[in-house]
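What follows draws every value from the coordinates through simple rules; no lab data is involved. Note that the structure is predicted; figures quoted are calculated from it, not measured. All Cβ positions, even for glycine, are placed from backbone atoms using ideal geometry, and neighbour counts span all protein chains on display.
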Amino acid sequence: MKLAYYPGCSGEGTSKEYDVSTRAICEALGFTLTDIDDWSCCGSTPGHSLDHALSGALSARNLALASTMEADCVVTPCPSCLSNLKHAKHRMEDPAFKAKVDELLDEPTPALPEPYSVLQVIVEKLSMEEIAAKVKKPLKGLKVACYYGCLMVRPPKVMQFDDYENPMSLDNLLVALGAEVVPFPLKTECCGASLGVVDKEVTSKLSGRILERAKQFGANCVVSACPLCQMNLDLRQSQAEEAMGQKFELPIFYYTQLLGLALGLDDSALMMNKLVVSPHALLKSLDAPAEAVAPEAKAEPKAEDKSDEGAAS
Amino acid sequence: MRIGIFVCHCGSNIEATVNTAAVAKKSLEYPDVVFATDTMYTCSEPGQDSIVEAIKEHQLDGVVVASCSPRMHEATFRRTVQRAGINPYMFEMANIREHVSWIGKDKDANTNKSAELVLLASEKLRNNRPLFPQQFDVTKRVLVIGGGVAGIQAALDCADGGIDVVMVEKTATIGGKMAKLDKTFPTIDCSSCVLSPKTVDVSQNEKITLHAYSEIESISGFVGNFTVKIRKKSTYVDWTLCTGCGSCIEKCPSKKNPDAFNEGIGTTTAINIPYPQAIPKKATIYADVCRKLRDGKCGVCAKVCPTGAIKYDMVDEIIEEQVGAVITATGYDQMDWTQLGEYGAGKLPDVVTGLQYERLLSASGPTEGHIKRPSDGLEPKSVVFIQCVGSRDKSIGRPYCSGFCCMYTAKQAILTKDHVPESQSYVFYMDIRAPGKMYDEFTRRAMEEYGTEYIRGRVSTIQPHIRPDGVVGYMVRGADTLLGQPVEIDADLVVLAVGVEGAQGAAQLAEKLRISYDQYGFFMESHPKLKPVETNTAGVYLAGVCQGVKDIPTSVSQGSAAAAKVMALFSKPKLQSDPQIAFVDIKRCIGCGKCITVCPYQAIKEVSFRGAPKAEVVGTVCQGCGLCNATCPQGAIQVAHFTDNQLLAEVNALCQF
Amino acid sequence: MEVIQLDKARNTNFLKEVEAESGQKLSTCYQCGNCTAGCPGGEFYDRQVSQIMRAAQLGLKEEALGNRSLWLCLACSTCSARCPNEIDVAGVMETLRSMARREGYVNDRPIESFWKAFLDMVSMNGRTFEAGVMADYMLRTGRGWSNLAMAPAALAKGKMPFFPHRIKGRKEVARIFKRYAEKRS
């Protein structure tokens, strides 16, 4: 499958390991990525916070470039970029909005393709059984809290992906890779996003709560699919520890790194050493024999069946 | 023909935007119209008298009243003209209120349109023929569907009035939702104590035949003469032999089945009697969880039964009953709240529904009346009640208020304090709806005497966490909108006041009964104010929550009201059929049978006339819907009072402009 | 606190503008507070989301626009996802923020400065790079020093390139910003 790839600015800096591992796992799973030529920034939060038309124009430029490529669909690893691209596409179905955007651009926008996250393409194009079958190194011993963040699933009408209160795509994927998934009620709580730059109290508290709850439910690491979430939880973990008055020492992986690890990819493709909270001790403990993993094992929070359909009707 | 026209002012309702005098004057130009006038209130006594006088004075043989909707006053005016000696079907109504004055402001246009509608009515009238109703017998037995408190009340009242009652209950016991409740508001009296005299009455009353664990298979016929097929579901126990001794239940090895009577809290055996005061107190085997019926291995209950009542080879049985009227009292179910992911989607063990909490409070419940949370049996000290879960929520298609949750939540908060004096209850609410007798005082008591903390705001999410002592708590994140701040409560137990909807299967039953229902499964009454117990199908009445949310006293009242309707119906020696039904012109009928196929009431049968197949209408069954008329390729089947000629006369009257 | 002369203070035009620009009908809000309840930024706000919605409903422009909360909103859309009346509350917040900026109500200079620094970087290079945005932001505001504590870790991991990636089409991107600025002026 051919994918037009929008890497996003952070892939060149703070989330280099996400970009590199995304490219590597896509190749390993049979997806061909081609970068959108001369792509530009989507405007991120500042863009849409100040003006929808400006944000729309910055995104539309990229989708317009992608529309000229021979690809099955457009993908990006970054939920924030995805949110902007999707909102642009969505809002431009309104001719009045499209006119506003077109005013800002050199040329009127053509019909734009629908963008997807790399994660959505992986979990929808491949079955968990197929992925489990490719696992060379099951992630036995990893107790993962799957953290989705806000933008992957919200707003549901625009994102059209997974259950927006209790998403399961990362959970199912990690289970297929042989990891244990811990129940995690804060899957879609906000980490504080980019406010950390201006007001570290916000991110420290919000991210701190996420890390605290992950630890409570027995996680020994967190998996993320968002560069900003990952940065808040990893790079700013020490600030969060300070705010919460406790040590977490939780490695924060990109899901692509763990997927690559399970597929047996080389560390140069995973860049584990880019993580600020070192995962090496944890990864060292994962010297389990490569055995087949039961794909039907579903990650569900432990809870008794309380359905009220009883024996009687 | 000599036609008289009466154009009504309806006070200012019509007169304000229609020149009624001009309409009356104009109508004098219409064919056969010999008299026309405008009147202040035509439906009033003097208004009606003026019609009677005009009929006599001008020798009228047809009358048109231009006023409101025929749904409002057609019956009134038919009786009026009948008093003056005219056949009631020689009367027509032109609706110049709902169709004209209420919807338009342009007086000239309104006056023109009114005049046209009067012409239309008088042209139809010129094609009308006198019609006469048929008389038929009534089967003086009533079917009550649903054995909750509304159905029980209806059945007992009917039986008291000397009417034979057939009661059909879907589950193995009567009592409905009320039997599951611990106490009732605002009196805090024991629900099963006040209910059980009535359920016992049902079982002992000679006038009442109870079919428990049964469902309606089909209903045919018409008011006064319904034929009901009832599926008696197989209980695998011969109830004529079962004494309810309970030996089978004691010995049944399949014990881990979700307990439906206890709303899924706790487990029960594959053969069981739902609760100690169950009526009938007979055992039922649930095939999906019985080892003998599923795998063929077991048979313990048959071995221990002292009367040999266990019958593993029992099958469903269809029986037939003849009744003259039907009361539906099928109640409600809670909406599927597991779609609410923010409240745990049904996967958090200590987040329970209001009905589940009733079972936790009840002495006959799974915890014998001690409040213990389902996950670990902990006695909760901090209980959060959340109102409007799946009510007043447009985003999930539930815009309506479920009516009684405010009250039962106040009751549950009071009972929580009674059971666990050191506990603290919190109620998240949006508005407190307590308009009943002693209701608002009751919610005040919950706050003032029992220290329940009411917090005005919705809850955004419930998230489990692990406390330092290792116990799981539930972080309830809400808002106190009066304080203007987000708030959090670390709860041991969360109780959701889950919204209600029509009972499961209500829509299917409504189809069988040919009554209307809304998108939430509530049955439609005939008129929202003036006919709250009747349906649009003659002889079918409503009682209880099946018609719309209501509490116990209102359900009981409606049960009695439905019984009164049935008794009034049965007090007549014979019933009259509506003559506005289909009839066949046998010369035109080619016997194609299309009308038989489309008739929703099976009111048309094929007969042989000189060797040729012909359609024939069963007059008492036909409801006059007109589907046959629209389908007939020959125009051979017509509906009296709505014949093709009559309708075309109306069309012609309009199309000349 | 003052008594609001409600009949005089209401600005129905403002309400209409908010409704038109956000595409949301504010009278459908029945003030249940679910948005406030679920808002991750709530604890840092000077006015809660439901209160801002109330101010907008009443047409109280000053109260709706003159608060810091608009600038702290994380745009996580939890409020919109859980609103029982299907109001895109986050969209209303964004509309109000945009209006506040246009009408000089900016209540958090540092946040606005950060956004400006970010967008200037995009305008210049076509893409952003963190070091540049940070430096610009700190120069503009004299704040953000707490971020420096993070810098060594980020630098050590090679996560902070010192030079931006300038794209070929950066002039094209710059024109977007130029036209936007012209339109707004």
Query raised in the report: Looking at the square roots a ≥ b ≥ c of the eigenvalues of the Cα gyration tensor of region B:336-498, which shape do they give, rounded for a/c under 1.5, prolate if a/b is larger than b/c, or oblate?
Result: rounded
**Report entry** Residue pairs, from the table B:Lys233/B:Lys281; B:Lys282/B:Lys550; B:Lys140/B:Lys282, whose Cα atoms sit over 19 Å apart
**Finding:** B:Lys282/B:Lys550; B:Lys140/B:Lys282
Query - Rounded D (µm²/s) - the protein assembly as shown, Kirkwood Rh over Cα pairs, Stokes-Einstein at 25 °C, 0.890 mPa s - result: 70
Report summary line: If the label point sits 7 Å along Cα→Cβ of B:Lys574, residues of region B:618-653 with amide N under 14 Å come out as B:620
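For B:Thr243 and B:Arg291, what does the FRET efficiency come to when R0 = 22 Å and r is the distance between their Cβ atoms, rounded to the nearest 0.05?
So the FRET efficiency works out to roughly 0.40.
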Requested in this report: Could you state, as a whole-number percent, how many of the C-alpha pairs of chain C are farther apart than 23 Å?
Outcome: 53
Query raised in the report: What lysines could a cross-link reach from A:Lys137, if we take a straight Cα to Cα line under 18 Å and drop same-chain neighbours fewer than 8 places away?
Result: A:Lys284
Query raised in the report: Can you give the Rg to Rh ratio for region C:53-101, taking only C-alpha atoms and Rh from Kirkwood?
Result: 0.95
Query raised in the report: With each label point set 7 Å from Cα along the Cα-Cβ vector, what nm distance links A:Lys143 and B:Glu511?
Result: 5.1
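Send over the Kirkwood Rh of region C:109-184, from the inverse of the averaged 1/r over different Cα pairs, rounded to one decimal Å.
Hydrodynamic radius (Kirkwood, Cα pairs) of region C:109-184 is 13.3 Å.
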Query raised in the report: Taking Cα pairs under 8 Å and at least six residues apart, what relative contact order does region A:1-92 come out at, in percent?
Result: 40
Query raised in the report: How far, in nm, would the chain grow between B:Ala75 and B:Lys256 when pulled straight, counting 0.36 nm per residue and subtracting the alpha carbon separation?
Result: 59.1 nm
Query raised in the report: Just going by the charge dipole of the protein assembly as shown, with Lys and Arg at +1 and Asp and Glu at -1 on Cβ, which of A:Ser117, B:Ile371, A:Ser224 is farthest out on the positive end?
Result: A:Ser117
Query raised in the report: If you line up the Cα atoms of chain B on their principal axes, what length do they span on each, largest first, in Å?
Result: 93, 69, 42
**Report entry** Neighbouring partner chain Cβ atoms per residue of B:337-348, average, 10 Å criterion
**Finding:** 5
Report task. Please get the size of the charge dipole for region B:336-498, origin at its Cα centre, with Cβ charges of +1 on Lys and Arg and -1 on Asp and Glu, quoted in debye to the nearest 20. Result -> 500
**Report entry** Extension gain, B:Gln204 back to B:Tyr41 (0.36 nm per residue minus Cα-Cα distance, nm)
**Finding:** 53.3 nm
Query raised in the report: More than 19 Å apart: what percent of Cα pairs in region B:276-369 qualify?
Result: 70
Query raised in the report: Suppose R0 equals 45 Å; then what is the FRET efficiency for A:Lys247 and B:Glu453 from their Cβ-Cβ distance, rounded to the nearest 0.05?
Result: 0.80
Report summary line: Per-residue ellipticity at 222 nm attributable to helices in chain C (runs of n ≥ 4 DSSP H, -39500 (n - 2.57) apiece, nearest 500 deg cm²/dmol) works out to -17000 deg cm²/dmol
Report task. Note the angle between two axes, namely the Cα long axis of helix B:644-655 and the longest principal axis of the Cα atoms of chain B, as a number of degrees from 0 to 90, rounded to the nearest 10. Result -> 80
Query - Along principal axes, Cα extents of region C:6-102, largest first, whole Å - result: 34, 25, 22
Report summary line: On the formula 1/(1 + (r/R0)^6), with r taken between the Cβ atoms of B:Gln634 and B:Gln59 and R0 of 41 Å, the FRET efficiency rounded to 0.05 is 0.60
Query raised in the report: Say the dipole of region C:6-102 comes from +1 at the beta carbon of Lys and Arg and -1 at that of Asp and Glu; which of C:Thr36, C:Gln57, C:Ala100 then lies farthest toward its positive end?
Result: C:Ala100
Report summary line: With chain A reduced to its Cα atoms and the Debye formula applied, log10 I(q)/I(0) at q = 0.09, 0.12 1/Å amounts to -0.46, -0.81
Requested in this report: Could you give the size of the charge dipole of the protein assembly as shown about its Cα centre, using +1 on the Cβ of each K and R and -1 on the Cβ of each D and E, expressed in debye and rounded to the nearest 20?
Outcome: 500
Query raised in the report: Measuring from a point 7 Å past the Cα of A:Asp106 along Cα-to-C-beta, which residues in region C:105-140 have an amide N at less than 17 Å?
Result: C:123-127
Query raised in the report: With each label point set 7 Å from Cα along the Cα-Cβ vector, what nm distance links A:Asp37 and B:Lys605?
Result: 8.2
Query raised in the report: GNM on chain C, C-alpha springs below 10 Å: top fluctuator among C:Ile111, C:Ile167, C:Ile87?
Result: C:Ile167
Requested in this report: Once you've got the GNM for chain A with C-alpha springs shorter than 10 Å, pick whichever of A:Pro79, A:Pro185, A:Pro108 has the biggest mean-square fluctuation.
Outcome: A:Pro108
Query raised in the report: Along its principal axes, what span do the Cα atoms of region B:503-572 show, with the longest given first and each in whole Å?
Result: 34, 27, 20
Report summary line: Checked against a 20 Å limit on the C-alpha separation, the offending pairs among B:Lys587/B:Lys614; B:Lys180/B:Lys411; A:Lys187/B:Lys381 are A:Lys187/B:Lys381
Report summary line: For A:Lys136, counting only aspartates and glutamates whose alpha-carbon sits under 15 Å away and dropping same-chain residues fewer than eight positions off, the answer is A:Asp266, A:Asp267, A:Asp287, A:Glu291
Report summary line: Quotient of Cα radius of gyration and Kirkwood radius for region B:582-640, i.e. Rg/Rh, equals 0.91
Query raised in the report: Modelled label-to-label distance, B:Arg588 and B:Cys401, 7 Å Cα→beta-carbon offset: nm?
Result: 5.4
Report task. Give the relative contact order (percent, whole number) for region C:109-184; include only Cα pairs under 8 Å separated by 6+ residues. Result -> 40
Report summary line: If unit charges are put on Cβ atoms (+1 for Lys and Arg, -1 for Asp and Glu) and the dipole of region B:118-250 is taken about its Cα centre, the option from B:Ser247, B:Gly147, B:Asn205 lying farthest towards the positive end turns out to be B:Gly147
**Report entry** Relative contact order of chain A, defined on C-alpha pairs under 8 angstrom at six or more residues apart (%)
**Finding:** 20
Requested in this report: Using a cut-off of under 14 Å, list every residue of region B:358-399 whose amide N is near the label point 7 Å from the Cα of B:Arg467 along the Cα-to-beta-carbon line.
Outcome: B:373, B:376-384
Query - Cα-based Lys pair tally, region B:3-126, threshold under 24 Å, eight or more apart or on separate chains - result: 13
Report summary line: For region C:32-83, the Kirkwood Rh over every pair of distinct alpha carbons, in Å, works out to 11.0
Query - Cβ charges +1 (Lys, Arg) and -1 (Asp, Glu), total dipole of region B:509-654, debye - result: 380
